[in-house]
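Written below as structure tokens is the structure these notes are about.
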């Protein structure tokens, strides 16, 4: 039986309720925090590696969803704040790309301790950046949206469709990888 402390447990982003995407994003933020905590608090290389992979995937999915659907859908409430959050999101994307390159280097045949150390440093930078970004969403944008006269239902429907498509594409990629292995 898998428990939340089991390093083999897979974490996924939960489905978005159509009528309240903020609640779903908060839930996904909690997942990111939990995975970050697991990475930062573990001394096991196996647990750290798995937490890093799960965290990178969760951050990737979350940022794609917010950049593609959520931020454009709520921009009219405060265009300057949303522009700031989009910039933070792009910073997270750049760190994620650098981390993934460092992880490939660290797992390569000629991997060195320096490469693993670089990957760890980048993961810690990513965690700091994404937790700051989440904090800004939750303390600045979300309260504003909860008090704005905006119907989040259509945004929630669009987010659900986007998430379903993203998961479908990831499953197809995973299936292709399994067949070619």
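Laboratory data are not the source of any read-out in this text; all were calculated from the coordinates shown. Since the structure is predicted, the reported quantities are computational estimates derived from the model, not experimental observations. So basically every Cβ, Gly included, is an ideal-geometry build from the backbone, and we count neighbours across all protein chains shown.
So the values come out like this:
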{"read-out": "Boolean, residue 83 is in a helix (DSSP H, G or I), out of contact with any strand residue (DSSP E or B) (no Cβ under 7 Å at 6 or more places or on another chain) and surrounded by fewer than 16 Cβ atoms within 10 Å (Cβ to Cβ)", "value": "yes"}
{"read-out": "Residue match in segment 90-105 (condition: part of a helix (DSSP H, G or I) and closer than 25 Å to residue 153 by Cβ)", "value": "no"}
{"read-out": "Residues of segment 64-76 classified as in contact (Cβ under 8 Å) with a residue 40 or more places away in the chain and either within 23 Å of residue 30 (Cβ to Cβ) or touching a helix residue (DSSP H, G or I) at 6+ places or on another chain (Cβ under 6 Å) (or both), total", "value": "8"}
